[in-house]
Amino acid sequence: MNYYFHVPFCASKCGYCAFYSLPGAGAQLMDAYLEQLERSFVPCGRAETVYIGGGTPTLLSEKQLERFFKLLHDRLEFEVGAEISCEGNPESLTQDKVSLLRENITRFSMGVQSFDPGVRANIGRRCSQQALEKAIELVQQARFPHWNMDLIFALPGQSDEAFFAGAERALLSGVDHISCYALTAEENALLKLPEDDDRASELLPRIVDFLSEKGFRRYEISNFAAPGGECRHNMNVWRGGLLYGAGPTACGFDGVDRWTCRELEEWLQGKEPEQDSISPGARLNEIFAVNLRTGAGWTPELWNRVPGGDSWENRCRIIKDVAAGLEKNWFIISEERIALTGDGMMFWNSVAGEIFDYGT
Ligand code: SF4
């Protein structure tokens, strides 16, 4: 089983953020969150992966983090070699928190976004350069088995050179994973971005080349890893693996139904999650499309593991029909593998749109 815990609290709201996050929550609300988690979390199955995401999980105090990890280790049984990831922002890290994380997780993911303080200010990230450097030092010293940094490119006020200098800095820190993405204009985000900015699509191939020269393979549209650094949790979920979501707005999938936990207030009251109402066929199409974001795509063996999956032959038929209406050079289609080429990944949205609509 793959477990996802959503910790929705943030110090402030970043300008580009369209996620469910609660800026400025006090210690009392965070304690109430932990209490509800303790009341409601009943695991179902041994944990192959755990992902603690946010929000900003490291905004919890040391005591609260300790309580969180106690819950995790008291309730969960872990498979041998389980991956336990946690997200955190540099400004919220202390030596004690990093030590606690090191004892309890196998993979840390740091939301840096940009190494340029001016650019961070533009997008509403409050972290000072000093705090960033200090946090990197702490995490480096802790020697996590796996370590990711999030970086954004083609940001307002960010030169290409500044982005690549930041990527060099990330690599020097010893990360084995970089999540690298461009912002898209989000309706409910504070930061308004140009709708038709070509910069990101022009820059991306250079980023792919740059990181691949450094030994980082693009294994998913926005994710690059050194060998063995891929995030197992995400890989499992993209491939339709079972997911148990805990915490406000966390999603789950039990192999038949998908569900989403309520927002904080209702979740604290113990309201049942909302069931997703899509048909089994639409759900399969969605799983099929999502994993085409990965370079590996699908093999018959991977597809046969999808709960309630149809036949590989049917998937070959669907992808051929979809490809017939799109560019041929976007697809790799054979009896052994269905995947997108580098060009196809650039247009994943168009491919996914066709797959979502297929047969519905
Ligand atoms: S830290 Fe992350 S979740 Fe929180 S506001 Fe910023 S982008 Fe959103």
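Per residue of the stretch 21-36, what does 6.51 cos²θ - 1.76 cosθ + 1.60 with θ = phi - 60° give for ³J(HN,Hα)? Whole Hz please, x for Gly and Pro, Karplus curve as stated.
In residue order, the calculated couplings are 8, 10, x, x, 5, x, 4, 4, 5, 5, 5, 4, 4, 5, 4, 5 Hz.
How much accessible area does Val80 have with a 1.4 Å probe, in Å² rounded to the nearest 10?
150 Å²
Relative to the compact globular guide of 2.2 N^0.38 Å, what is the alpha carbon radius of gyration of the chain, as a ratio?
0.99
Pairs of Cα atoms under 8 Å, at least six residues apart: use those to get the relative contact order of the chain, whole percent.
Computed over the chain, the figure is 15 percent.
With only alpha-carbon atoms in the gyration tensor, what are the semi-axes of the equivalent ellipsoid for the stretch 14-76, in Å, largest first?
Gyration-tensor ellipsoid for the stretch 14-76: 22, 15, 11 Å.
For the chain, set up a Gaussian network in which alpha carbons nearer than 10 Å are linked by springs, and say which option among Cys261, Cys14, Cys44 fluctuates the most.
Cys44
On a C-alpha basis, how far is the centre of the stretch 25-52 from the centre of the stretch 264-333 in Å? Whole number, if you could?
28 Å
For the stretch 121-186, what log10 I(q)/I(0) values come out of the Debye formula at q = 0.25 1/Å, with one point per alpha carbon and no solvent?
Log10 I(q)/I(0), no solvent term: -1.29.
For the chain, what is the charge dipole size about the Cα centre, in debye to the nearest 20, if Lys and Arg each add +1 at the Cβ and Asp and Glu each add -1 at the Cβ?
600 debye
Going Cα to Cα from Lys214, which aspartates and glutamates come in below 12 Å? Please leave out same-chain ones fewer than 8 positions away.
Reachable aspartates and glutamates: Glu168, Asp176.
So, with +1 on the Cβ of K and R and -1 on the Cβ of D and E, and no other charges, what is the size of the charge dipole of the stretch 279-360 about its Cα centre, to the nearest 20 debye?
So the magnitude is around 120 debye.
Relative to 2.2 N^0.38 Å, what does the C-alpha radius of gyration of the stretch 297-347 come to as a ratio? Two decimals please.
Dividing the Cα radius of gyration by 2.2 N^0.38 Å gives 1.13.
Using 1/(1 + (r/R0)^6) with R0 = 56 angstrom and r between the beta carbons of Ser277 and Lys134, what's the FRET efficiency to the nearest 0.05?
For R0 = 56 Å, the calculated efficiency reads 0.75.
I'd like to know which of Gln141, Val42, Phe78 lies farthest towards the positive end of the charge dipole of the chain, counting +1 on Cβ of Lys and Arg and -1 on Cβ of Asp and Glu.
Going by the Cα projections, it comes out as Gln141.
Explain nothing, just the number: dipole magnitude of the stretch 211-360 about its Cα centre with +1 on each Lys and Arg Cβ and -1 on each Asp and Glu Cβ, in debye rounded to the nearest 20.
The dipole magnitude comes to about 480 debye.
Among Ile287, Phe331, Gly353, pick out the residue whose Cα is farthest towards the positive end of the charge dipole of the stretch 279-360, where Lys and Arg carry +1 and Asp and Glu carry -1 on C-beta, about the Cα centre.
It is Ile287, whose Cα lies furthest towards the positive end.
Over 5 Å intervals from 0, what percent of Cα-Cα pairs in the stretch 29-156 sits in each interval?
So the P(r) values, bin by bin, are 2, 10, 20, 21, 18, 14, 9, 5, 2, 0.
Reachable aspartates and glutamates from Lys97, Cα under 15 Å, same-chain residues fewer than 8 places away excluded?
Glu62, Glu66, Glu87, Glu137
What's the Kirkwood radius of the stretch 121-262 in Å, using all Cα pairs?
Hydrodynamic radius (Kirkwood, Cα pairs) of the stretch 121-262 is 17.4 Å.
With a Förster radius of 35 Å, plug the Cβ-Cβ distance of Arg305 and Leu71 into 1/(1 + (r/R0)^6) and report the FRET value to the nearest 0.05.
Approximately 0.70, to the nearest 0.05.
Between Gln95 and Thr184, what length in nm is gained on full extension when 0.36 nm per residue of separation is reduced by their alpha carbon distance?
So the extension gain works out to 28.6 nm.
The values are calculated or read from the model by the stated rules, or taken from the named source; none is laboratory data. The model shown is predicted, which means the values in this text are computed figures rather than measured ones. Please note: Cβ atoms are built from the backbone with ideal geometry, for glycine as well, and neighbour counts cover all protein chains shown. Note: accessible area is taken over every heavy atom of the protein model, side chains too, but ligands, DNA and RNA are not part of it. Shrake-Rupley method; radii C 1.70, N 1.55, O 1.52, S 1.80 Å.
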